[in-house]
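What follows is a single structure, written as structure tokens, with notes after it.
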Amino acid sequence: MNASILAFFAGHEAALPLYEALENAVLARCAGAQAIAQRTQIAFRARHVFACASFLPVRRAKERPAVYLTVTFGLARALASPRVDAVVEPYPGRFTHHVLVASPEQIDEELLRWIDEAFAFAQSKR
């Protein structure tokens, strides 16, 4: 993990173990992917961005845990799952999903399959 990613967690240090679990799983599964810290998120990309980690408040404050990470990914379809906090269609045929993660155990096979699908979807773009 590089210094820019560590700096992203300034003030949110308790969420770093969530991110580490996510990064380890994503980079192990998605060949050629890398994590790039930006101002408001950490983007996972290969040829294109396929997933992000941020502190986007996708739930009302009283419904959010004290420590969380929002995992965002794009698919060609809208997921119907209670785990998905928000789905938007920024343009036809692309659905952006936001999933709030509050424990490393929530970075499970279901979430990682969705990220695998997002990776494949992003790779298929020109």
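Within region 28-42, being over 10 Å from the mean Cα position of the chain (by Cα) and either buried (at least 18 other Cβ atoms within 10 Å of the Cβ) or on the phi < 0 side of the Ramachandran plot (or both) holds for ALA28, ARG29, CYS30, ALA31, ALA33, GLN34, ALA35, ILE36, ALA37, GLN38, ARG39, THR40. Residue pairs whose Cβ atoms lie under 8 Å apart, sitting 6 or more positions apart in sequence or on different chains, and linking a residue in region 92-118 that is within 17 Å of ARG29 (Cβ to Cβ) to a partner that is small (Gly, Ala, Ser) and assigned to a strand (DSSP E or B), are ILE115/ALA51; ALA118/ALA51; ALA118/GLY74. A count restricted to region 1-42 and to residues that are within 20 Å of ASP108 (Cβ to Cβ), in contact with a Lys or Arg (Cβ under 9 Å, 6 or more places away or on another chain) and part of a strand (DSSP E or B) stands at 1. Within region 1-37, the only residue that satisfies the criterion of being within 16 Å of VAL101 (Cβ to Cβ) and of a type in the set (Ser, Thr, Tyr) is TYR19.
The rows are residues; the columns are (1) of a type in the set (D, E, K, R); (2) touching a Leu at 6+ places or on another chain (Cβ under 9 Å); (3) in contact (Cβ under 8 Å) with a residue 12 or more places away in the chain.
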site	(1), (2), (3)
ALA35	no, yes, yes
ALA61	no, no, no
TYR68	no, yes, yes
THR72	no, yes, yes
LEU75	no, no, yes
ALA80	no, no, no
VAL84	no, no, yes
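Every condition in (1) of a type in the set (Ser, Thr, Tyr); (2) surrounded by fewer than 16 Cβ atoms within 10 Å (Cβ to Cβ); (3) within 24 Å of LYS125 (Cβ to Cβ) is met by SER4 except one, and the failing one is (3). Could you list, in sequence order, the residues of region 89-119 that are among the small types (Gly, Ala, Ser), at pLDDT 95 or above and over 13 Å from the mean Cα position of the chain (by Cα)? Within region 89-119, SER103 is the sole residue that qualifies. Among the residues of region 54-88 satisfying the criterion of being of a type in the set (Val, Ile, Thr) and closer than 19 Å to PHE119 by Cα, which is farthest from the chain's Cα centre (by Cα)? The qualifying residue farthest from the chain's Cα centre (by Cα) is VAL88.
The values are calculated or read from the model by the stated rules, or taken from the named source; none is laboratory data. From a predicted model like this one, the values you see are computed outputs, not experimental measurements. Using ideal geometry, Cβ is built from the backbone for each residue, glycine included, and neighbour counts are taken over all protein chains shown.
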